[in-house]
Amino acid sequence: MTTTVKTEIPDQLWQQAQSMVERGWVANMDELISESIRRYLESHLEEMNERFIREDVDWGLHGQD
């Protein structure tokens, strides 16, 4: 299952991405974008989990919604 996303990307970033596809670093632009999103999410997962835990603890201690 996949979802189609429409977005705007700065020209310089798009050109760099196209260059990676043309040089064979990735099979196509879809693969590059999917892999980039996956890596971004993985690299921020610990930070997001820590933030959620802190919010839960703060709520538990102070009972604020």
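The values are calculated or read from the model by the stated rules, or taken from the named source; none is laboratory data. Not measured: the values here are computed from a predicted model. Don't worry about glycine lacking a Cβ; one is built from the backbone with ideal geometry, like all the others, and counts go over all protein chains shown. Protein only, heavy atoms only, side chains kept; ligands, DNA and RNA dropped before computing areas. Shrake-Rupley method; radii C 1.70, N 1.55, O 1.52, S 1.80 Å.
Things to note:
- Length gained when the stretch residue 7-residue 54 is fully extended (0.36 nm per residue, less Cα-Cα span): 13.7 nm
- A 1.4 Å probe run over the chain, with the rest of the protein chains in place, finds 101 Å² accessible per residue.
- When exposed loop sites are taken as trypsin sites (Lys or Arg not before Pro) in a DSSP loop with at most 12 other Cβ atoms within 10 Å, the longest stretch of the chain clear of them is 24-65.
- Neighbour cut-off at most 14 other Cβ (10 Å), DSSP loop, chymotrypsin sites (Phe, Trp or Tyr not before Pro), the chain: 25
- C-alpha long axis of helix 29-62 to longest principal axis of the chain, angle in °: 10
- Label-to-label distance, nm, for residues given as residue 41 and residue 16 (7 Å Cα→Cβ offset): 2.2
- Placing unit charges on the Cβ atoms of the charged side chains and taking the dipole of the chain about its Cα centre, the candidate lying farthest along the positive direction among 62, 27, 10 is 27.
- Dipole moment magnitude, nearest 20 debye, the chain about Cα centre, only Lys, Arg, Asp, Glu C-beta charged: 260
- P(r) histogram, all alpha-carbon pairs of the chain included - 5 Å bins from 0, percent: 3, 14, 15, 16, 13, 10, 9, 8, 6, 4, 2, 0
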